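Encoded as structure tokens, the structure appears first; notes follow it.
Bear in mind these aren't lab numbers, they're just calculated from the coordinates by the rules spelled out. Worth saying up front: this structure is predicted, and the values here are computed from it rather than measured. Quick reminder, even Gly has a Cβ in these numbers, built from the backbone with ideal geometry, and neighbours come from all protein chains shown.
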2 protein chains.
Amino acid sequence: MSLWYYEIFENKSRLGLKVNKTVFQAKSEFQTVEIFETDLFGKVLALDSTYQTSVGDEFYYHEMIVHPALTTAPQIRRVLVIGGGDGGSVREVLRHQEVNHVTMVEIDAVVVDACKKHLPEIGQAWSDPRLELLIQDGVAFIEKYNGGPFDVIIIDGPDPVGPAKGLFKYEFYRDCCEKLSPQGVLVVQSESPHVSSESFIDIVSELKKAFRAVHPYLGPVPIYPCGGWSYVYASNQLNPLKIIDQRAERIEKACRYYNRDIHRAAFALPNNLKRILNSK
Amino acid sequence: MSLWYYEIFENKSRLGLKVNKTVFQAKSEFQTVEIFETDLFGKVLALDSTYQTSVGDEFYYHEMIVHPALTTAPQIRRVLVIGGGDGGSVREVLRHQEVNHVTMVEIDAVVVDACKKHLPEIGQAWSDPRLELLIQDGVAFIEKYNGGPFDVIIIDGPDPVGPAKGLFKYEFYRDCCEKLSPQGVLVVQSESPHVSSESFIDIVSELKKAFRAVHPYLGPVPIYPCGGWSYVYASNQLNPLKIIDQRAERIEKACRYYNRDIHRAAFALPNNLKRILNSK
């Protein structure tokens, strides 16, 4: 017997996926965590009835939230990932041999445990000795952090609603900026440019208060509302198009979506977004 | 009272849109034609329960099926559009002042009449004196055509199923190639690269039998399955990246999605598609 699972987007649209089997279901302190098997994307992770990632399409998102930063920052020894409980982002970070240490700060242990057990296809790097996993609130972590500076910070959080709101505010970005090395870069997922353009614009505006150089970029994520997604690359002095070819050439061999042409193409913005961003 | 309308994709996923009002509904000789008002995209055209276009997102598709060809072909005096019953493609073609004559061949008069009446926001150029509208089968039209060569042919057809299958076959592409000027270009919509990659690959393969230079390119179409779409630019000698700047500069002012950066970016292909295409 198969059922249909629906993600409802602002009560305007619904993406239904045919589900063959529920793999995992639990209510954590923070959210409802579900993993189920679908025909279209294989196993899917949903939090509070919102699709987060799937075995079938996760590479679009994880390669694009990680590699534009990791192929352009001069140093990438120390990386911080906030969120990303499925393990896909740290997996992509750890593909880079120049990375010595990754700190991953995820608020919900239930998500991590469920993904470790049921989505090993996504989190392939849990046992990498360079990975330090902390279960705590990312906003509080960065506020109190007083260790060495990070070369790259990746904010792989959920939508900017409820408890995650703090991950999308100026104060958090300012704290991140202070904990970055001078030539460091922060990347944040910034919602759908097509159907959530207000959130996207807000995130860009908040980042501009904290960083000198803020570059939005785009890519497909088939399982997200209307299939297109945005990210922002924020730094004080880096050019996201100045790719370190040797590093990118090595990494793109392992990638299913990312390559240097795609990297450059992602930073091309359509007229509608350029006009809104310029009017702010 | 509002209802939910669903497009079912291969019995694997469903995109539901909240509908506030049915604007038009009829069964033509070829298909069920519906226009309804949605919260997310405004008015939507569906044929046989498949979303074709909407007032809210049509510019992504119509600008991208038209302008890469129209800003790179040396001559664009005579243009043929097959399909495109909503009028969006001919509207974009007719924005180019160098275009003297557009022949539009659409099989279903019911679609054209409904769109003329209920979707004037999309088909803004119906009364342009350069437009010649023919209600007939596109495959038969091109087979019998013996007039002067076209500079550009745009195939704005539905999915490659049922009566539209002929629009995606080598014989049709060969006939198109014969009716093109030597420096002409054909563009065809070629399905979702993410979730219909077999159709996409088939279309590229058939085109390669008829044309010397075949270049797939990509763009978002939020209302289509998983929101990403592909097109193919086929010619015997043109380079789709050799943009005629003066023409593109003029046209991009009127565009909501298209600009020269987006044009170049669209031709960047991800690794997964490059690998499948290279293995063929």
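Some points to look at:
- Charge tally for A:Tyr5 (other residues, Cβ to Cβ under 14 Å; Lys, Arg +1; Asp, Glu -1): +1.
- Pairs of Cα atoms in region B:211-280 fall into 5 Å distance bins, from 0 up to the last occupied one, in shares of 3, 14, 20, 24, 21, 11, 6, 1 percent.
- Normalised convex hull volume, region B:1-139, alpha-carbon set, Å³ per residue: 120 Å³
- Beta carbon of chain B nearest to the axis of the rotation taking B to A, residue and angstrom distance: B:Gly227, 1
- Using only Cα coordinates, the Kirkwood hydrodynamic radius of region A:177-248 works out to 13.1 Å.
- A simple spin-label model places the labels of B:Glu249 and A:Glu249 3.6 nm from each other, with each point 7 Å out along Cα-to-Cβ.
- Quarter of the Cα convex hull surface for chain A, i.e. its orientation-mean projected area (nm²): 13.8 nm²
- For region B:3-54, the dipole from Cβ point charges (+1 on Lys and Arg, -1 on Asp and Glu) about the Cα centre works out to 140 debye, to the nearest 20.
- With a 10 Å cut-off around each Cβ of A:256-263, the average count of Cβ atoms from other chains is 4.
- The other copies place their A:Lys117 label points at 5.9 nm from this one, listed shortest first, where each point is 7 Å from Cα along Cα→Cβ.
- Computed over region B:3-54, relative contact order equals 27 percent, with contacts defined as Cα pairs under 8 Å that lie 6+ residues apart.
- With Cα atoms as the point set, the radius of gyration and Dmax of the protein assembly as shown evaluate to 24.1, 77 Å.
- Under 5 Å, built H, 5+ apart or other chain: amide partners of B:Trp229: B:Gly219, B:Val221
- Mean partner shielding of peptide B:223-234, defined as the number of other chain Cβ atoms within 10 Å of each residue Cβ, is 4.
- Normalised by 2.2 N^0.38 Å, where N counts its residues, the alpha-carbon radius of gyration of region A:3-54 equals 1.08.
- Lys, Arg +1 and Asp, Glu -1 on Cβ, resulting dipole of region B:58-278 about Cα centre, debye, nearest 20: 680 debye
- Both radii come from the Cα set of region A:98-167: Rg as radius of gyration, Rh as Kirkwood radius; their ratio Rg/Rh reads 0.96.
- Adding -39500 (n - 2.57) for every DSSP H run of four residues or longer, then dividing by how many residues chain A holds, sets the calculated 222 nm ellipticity at -8500 deg cm²/dmol.
- Estimated dipole of the protein assembly as shown in Debye, rounded to 20 [Cβ of Lys and Arg +1, of Asp and Glu -1, Cα centre]: 1340 debye
- Cα radius of gyration and Dmax for region A:195-237 (Å): 11.5, 33
- Pairs of Cα atoms nearer than 8 Å and 6+ residues apart set the relative contact order; for chain B it is 16 percent.
- When the Cα positions of B:Gly56, B:Cys226, B:Ala254 are compared along the charge dipole of chain B, B:Ala254 comes out farthest toward the positive end, with charges on each C-beta of Lys, Arg, Asp and Glu.
- The distance separating the Cα centre of region B:66-122 from that of region B:179-198 comes to 16 Å.
- Plainly put, the tip 7 Å out from Cα toward Cβ on A:Lys209 is 6.1 nm from that tip on each other copy, the closest given first.
- Calculated P(r) tail over 16 Å for region A:80-197, as whole % of Cα pairs: 60 percent
- For region B:123-263, the Cα-based Rg and Dmax, in that order, read 15.6, 41 Å.
- Annotation for B:Asp48, label-to-label distances across the other copies: 4.1 nm (shortest first, one decimal, point 7 Å from Cα along Cα→Cβ).
- 3J(HN,Hα) couplings calculated from phi for region B:261-271 with the Karplus curve 6.51 cos²θ - 1.76 cosθ + 1.60 (θ = phi - 60°) are, in sequence order, 5, 5, 4, 5, 4, 4, 7, 6, 9, x, 4 Hz; Gly and Pro show x.
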